[in-house]
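**Student:** Okay, here's the structure, questions in a sec.
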Amino acid sequence: MEQETIQQNEQEQEPTVRFSDFGFKQPIMRAIQRMGFQVPSPIQQKVIPLILEGHDVVGQAHTGTGKTAAFGLPALNNIEWRNGVDLLVITPTRELATQVSDELFSLGRFAGIRTVSVYGGQSYRRQLDLISRGAQVVVATPGRLLDMLSSGKLEDFNPSIVVLDEADEMLDMGFLDDIKEIFSYLPQQRQTLLFSATMPEPIKDLARHILHEPKFVSVTKKETTNKDIRQLYYVIEEKDRDDAIVRLLDKEEPEKAIVFCRMKREVDRVAELLQAQGINARGLHGDMEMRERMEVIKGFRGRGIDILVATDVAARGLNIENVSHVFNYHIPFDPESYVHRIGRTGRAGKKGTAITLVTPLEFKELERIRQKVGTKMEYGFVDEAGEGNEDIAERFSELVRASGIDDTAVKIYESLTDEMAPQKIAYKLISIILESGLLKPSGTGIGLSEEEVKRMMAASGVGEKPKKSGSKRRRSGGGRNRNSSRR
């Protein structure tokens, strides 16, 4: 078997070609121009010519390096434009399937290419109907695709190009046997492309069985995500998640921020939580009417909304200037989603901050994302020590100003004035309230302590020792007034 290996360190070599140099067909080139692509990433520069020439390819690169366009552009350029599925992309999760399908649709829009996402939890009939109407591209998860193939529901299914995306992720999720069985239903004469962030032995063995004389491309990189984005994580208990997001927004004071949630109902609840704290926040998700969605996006683009709480799907494609922070209220489902989320900040040469909340049970998942993306993350902990008295004084003063006067309080005060001065009465009453514990500092910190995280990491056997972010709660002008807009 002839094999060619191309290795490149992205930090050592810069792309020397432009997309216009590849000779794409006019409809594909028009989509490239519309999306603003000019200079290909290293993985794109290396694999696009090989795929255009018809070679099988094994590509190794971290998530977020432009793999979808790397295989999507030449594959869409090469498909035969016939009435039937020509391109099959297999992905490990429904979230990634949706993202890849959307991007391939955008790349093939001017060629009239139809794409269909196939995954569990949705109607078989609807997905099969969409395919039968003339879809040229199917993006599928292994389980649903195998069900359709083994039951004979996909007739005349003969894709000429097959892509395995995030192959090592499918191995980790236990899909390897399903993948092997899927290929038993696919035509022998095909172009096969396999992409993976890592190359464990089972993936190498799979490549040997399903690819024919492949070209091997390996693009290594120390830092996949934007260097202008500082990435932090806070290890918290589940019950503290709401308090953590509120206090982090208070501490960071972002110019504009997006808070990412997994589910639509979570978006609504978190948006309401932030609004109740006097934070100028609005939610954005797929169940909203188009008019309302456009209103929210317009407000966030301008100065009407400071914090956008959104799902991944709702925020896909948003290009908002001056987003200084991204917060992951929950850890994203997969590495691709993580890269997409944090890419909303640190744009146009500006600095950005991405903060992820994880529980101890979710920590291994975060470590998996970090390894797949090939990025550096700092451990964050906001130490409130020494500031509790200031915090209490501020909140107690606000409480006194806002409170009414009860008749019983008047009687108690009048009875005490016979024995002591009014000032002394006030001091004693405040002292009683403080000693009662009814007013406490807003917490001893956000996240587990550095020592607790070290013990957790040692016990789980993952990751490096955390570098504690040097973060003390900053205050200016007495802090924020929660009863007013943040601007």
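The values are calculated or read from the model by the stated rules, or taken from the named source; none is laboratory data. Everything numeric here is computed off the predicted structure, so don't read it as measured data. Positions of Cβ are generated from backbone atoms using ideal geometry, with glycine treated the same way; all protein chains shown enter the neighbour counts.
**Student:** Part of a helix (DSSP H, G or I) and either out of contact with any His (no Cβ under 8 Å at 6 or more places or on another chain) or without any contact (Cβ under 8 Å) to a residue 60 or more places away in the chain (or both): is that true of Val259 in this structure?
**Tutor:** In short, no.
**Student:** Within the range 196-206, is even one residue in contact with a strand residue (DSSP E or B) (Cβ under 7 Å, 6 or more places away or on another chain), under 17 Å from Val58 (Cα atoms) and modelled with pLDDT of 95 or more?
**Tutor:** no
**Student:** Quick test of your reading of the structure: Leu73 fulfils all but one of (1) without any contact (Cβ under 8 Å) to a residue 60 or more places away in the chain; (2) in a helix (DSSP H, G or I); (3) in contact with a Gly (Cβ under 8 Å, 6 or more places away or on another chain). Name the failing condition by number.
**Tutor:** Only one criterion is unmet by Leu73, namely (3).
**Student:** Say we look at the range 173-224 and pick out the residues that are touching a Phe, Trp or Tyr at 6+ places or on another chain (Cβ under 8 Å) and aromatic (Phe, Trp, Tyr); which of these is nearest to Pro49 (Cα to Cα)?
**Tutor:** Across the range 173-224, the extreme among qualifying residues is Phe195.
**Student:** Residue under question is Ile297, and the condition is that it be in a loop (DSSP other than H, G, I, E, B) and modelled with pLDDT under 95; does it hold?
**Tutor:** no
**Student:** Can Glu80 be described as free of Cβ contacts under 8 Å to residues at least 12 places away in the same chain and surrounded by fewer than 23 Cβ atoms within 10 Å (Cβ to Cβ)?
**Tutor:** Criteria not met by Glu80.
**Student:** For the subset of the range 316-328 comprising residues that are touching a strand residue (DSSP E or B) at 6+ places or on another chain (Cβ under 9 Å) and surrounded by fewer than 21 Cβ atoms within 10 Å (Cβ to Cβ), which member is modelled with the lowest pLDDT?
**Tutor:** Checked the range 316-328; the qualifying residue modelled with the lowest pLDDT is Leu318.
**Student:** What are the residues in the range 273-287 that are farther than 19 Å from Pro254 by Cβ and without any contact (Cβ under 8 Å) to a residue 24 or more places away in the chain, if any?
**Tutor:** If the condition is that a residue be farther than 19 Å from Pro254 by Cβ and without any contact (Cβ under 8 Å) to a residue 24 or more places away in the chain, then Asp287 is the only one that fits.
**Student:** Which residue pairs have Cβ atoms under 6 Å apart, sit 6 or more places apart or on different chains, and have a first residue in the range 106-124 that is touching a residue at least 24 places away in the same chain (Cβ under 8 Å) and a second that is of a type in the set (Asp, Glu)?
**Tutor:** none
**Student:** Within the range 86-102, does at least one residue satisfy the condition of being of a type outside the set (Asp, Glu), on the phi > 0 side of the Ramachandran plot and at pLDDT below 95? Before the answer, list the steps.
**Tutor:** As a first pass, look at the range 86-102 and keep what is of a type outside the set (Asp, Glu): 87-94, 96-101.
Next cut, on the phi > 0 side of the Ramachandran plot only: none.
No: zero hits.
**Student:** Of the numbered conditions (1) within 17 Å of Val358 (Cα to Cα); (2) of a type outside the set (Gly, Ala, Ser); (3) part of a strand (DSSP E or B), Arg282 fails exactly one; give the number of that condition.
**Tutor:** (1)
**Student:** A further question on this structure: Determine the pairs where a residue that is over 21 Å from Ile210 (Cβ atoms), located within the range 41-59, has a partner that is buried (at least 18 other Cβ atoms within 10 Å of the Cβ) and acidic (Asp, Glu) with Cβ atoms under 6 Å apart, the partner being 6 or more residues away or on another chain.
**Tutor:** Correct list of pairs: Pro42/Glu10.
**Student:** Given the options Lys180, Lys264, Lys251, Lys239, name the one that is loosely packed, with under 14 Cβ neighbours inside 10 Å and within 26 Å of the chain's Cα centre (by Cα).
**Tutor:** Lys239
**Student:** For the range 242-264, give me the residue count where each residue is closer than 17 Å to Phe381 by Cβ and touching a helix residue (DSSP H, G or I) at 6+ places or on another chain (Cβ under 9 Å).
**Tutor:** Within the range 242-264, the subset closer than 17 Å to Phe381 by Cβ is 243-252.
Okay, now just the ones that are also touching a helix residue (DSSP H, G or I) at 6+ places or on another chain (Cβ under 9 Å), so 245-246, 249.
Looking only at that region, the number is 3.
**Student:** Those residues that are part of a loop (DSSP other than H, G, I, E, B), at negative phi, of a type in the set (D, E, K, R) and buried (at least 20 other Cβ atoms within 10 Å of the Cβ), I need them from the range 113-172; list them, please.
**Tutor:** Asp165
**Student:** Another question about this same structure. Given the criteria out of contact with any His (no Cβ under 6 Å at 6 or more places or on another chain) and surrounded by 23 or more Cβ atoms within 10 Å (Cβ to Cβ), does Ile48 qualify?
**Tutor:** Here the answer is yes, as Ile48 does meet what is asked.
**Student:** Looking at the range 359-372, I want the residues that are farther than 18 Å from Ile245 by Cα and have a partner that is surrounded by fewer than 17 Cβ atoms within 10 Å (Cβ to Cβ) and at pLDDT 85 or above with Cβ atoms under 9 Å, at least 6 apart or on another chain. Which pairs are those?
**Tutor:** Pairs that qualify, where the first residue is farther than 18 Å from Ile245 by Cα and the partner is surrounded by fewer than 17 Cβ atoms within 10 Å (Cβ to Cβ) and at pLDDT 85 or above, are Leu361/Glu238.
**Student:** Name the single residue that is farthest from the chain's Cα centre (by Cα) among those in the range 322-341 being β-branched (Val, Ile, Thr) and within 24 Å of Gly304 (Cβ to Cβ).
**Tutor:** Residue satisfying both the conditions and the ranking: Val323.
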